[in-house]
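The values are calculated or read from the model by the stated rules, or taken from the named source; none is laboratory data. The structure presented is a predicted model; accordingly, all values stated were derived computationally and were not measured. Cβ coordinates were reconstructed from backbone atoms using ideal geometry, including for glycine residues, and neighbour counts include every protein chain displayed.
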Amino acid sequence: MGWSAVSVYLSAAVRAELAAAQEQLDRHTPSSGDDCCTGCDEAGPCAMRRAALRVFGRYGCPPRRWPGASRPELIAGGGSWAGWLTPPAGDGLSNG
Ligand SMILES: [Zn+2]
């Protein structure tokens, strides 16, 4: 018997701490342009961001929104797959 730390129970206090850290991450995000924090204008991952990341590391929980985790281009690809589902016209199966 022995589950890995993935399914560990988190107390309310821990969850509150993680929620606060997540909020901190949302606020302190390095801009994709010049890599400066959008919250406090520090270059690179600022002190607030690093502190928040440490909280997630301590409990082994990844943040909800991780930079690069979402791949919009995979969804926005589109394509014409709908054509596959169109039945051929006049195949003689219709009951007149
Ligand atoms: Zn910051």
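So here's what we get for this one:
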{"read-out": "All positions within region 27-51 that are exposed (fewer than 14 other Cβ atoms within 10 Å of the Cβ) and near the ligand (Cβ under 6 Å from one of its atoms)", "value": "40"}
{"read-out": "Region 29-42 residues that are of a type in the set (Asp, Glu), paired with ones that are part of a loop (DSSP other than H, G, I, E, B) and at pLDDT 90 or above (beta carbon under 9 Å, 6 or more apart)", "value": "42/28"}
{"read-out": "Index of the failed condition, residue 3 passing every other in (1) at pLDDT below 55; (2) within 16 Å of the ligand (Cβ to nearest atom)", "value": "(2)"}
{"read-out": "Condition check for residue 19: more than 16 Å from the ligand (Cβ to nearest atom), modelled with pLDDT of 60 or more and surrounded by fewer than 14 Cβ atoms within 10 Å (Cβ to Cβ)", "value": "yes"}
{"read-out": "Residue that is farthest from residue 24 (Cα to Cα), among those in region 52-65 that are basic (Lys, Arg) and surrounded by 12 or more Cβ atoms within 10 Å (Cβ to Cβ)", "value": "58"}
